[in-house]
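Report on the structure given below.
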Amino acid sequence: QVQLVESGGGLVQTGGSLKLSCAASGRIVDNYVMAWFRRAPEKGREFVAAFNYSSRSPVYADSARGRFTISRDNTKNTVYLQMNSLKPEDTAAYYCAASTTGYSPHDDKYHYWGQGTQVTVSS
């Protein structure tokens, strides 16, 4: 019952920053988990970060921890992913997703997905 739309991707140089946004058309209830995944060419979807609306505790993949920050703005019904110190290996299509069954780093556990936004980091 939730529609997600990502934005904020683009082309940046190594070491640069981007802030991705995921706007939800439906209300994200407190027990939902919002997550960011990414998919590079010829790769499967990789977990990046998640935010548990109940615990308000973020979870990060090892590749993202210390560089990326997931946050939310309930007023705007939007989840963000602030990405700093970007590396070429961060290049991928980034997707936001929502789960109604709790946190998981596995993409098959998420019920709702956005269309993706491309992030390209040049060397």
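What follows is calculated from the coordinates using simple rules that are stated; it is not laboratory data. The shown structure was predicted, so the numbers you read here are calculated from the model rather than taken from an experiment. Glycine gets a Cβ as well: all are built from the backbone with ideal geometry, and neighbour counts include every protein chain shown.
Brief remarks follow.
- Of all aspartates and glutamates in the structure, those lying under 15 Å Cα to Cα from Lys87, and not within fewer than 8 positions of it along the same chain, are Asp62.
- Two-decimal ratio, the chain, of alpha-carbon radius of gyration to 2.2 N^0.38 Å: 0.97
- Beta bridges from DSSP with both residues in the chain: antiparallel share about 90 percent, rounded to the nearest 5.
- Sparse packing (at most 16 other Cβ atoms within 10 Å of the Cβ) combined with a DSSP loop state is found for the following trypsin sites (Lys or Arg not before Pro) in region 1-101: Arg27, Lys43, Arg56, Arg65, Arg67, Lys76.
- Listed values for region 55-67 are Karplus-derived 3J(HN,Hα) couplings in whole Hz (6.51 cos²θ - 1.76 cosθ + 1.60, θ = phi - 60°), namely 7, 6, 10, x, 10, 10, 5, 4, 5, 9, 4, x, 10, and x replaces Gly and Pro.
- Straight-line reach from Lys19: taking Cα to Cα under 12 Å and skipping same-chain neighbours fewer than 8 places apart, the aspartates and glutamates in range are Glu6.
- Of the chymotrypsin sites (Phe, Trp or Tyr not before Pro) in region 20-123, those whose Cβ has at most 13 other Cβ within 10 Å and which sit in DSSP loop: none
- Pairs of Cα atoms nearer than 8 Å and 6+ residues apart set the relative contact order; for the chain it is 36 percent.
- Annotation note: GluC sites (Glu not before Pro) in region 39-119 located in DSSP loop regions with a Cβ neighbour count of at most 13 within 10 Å are Glu42.
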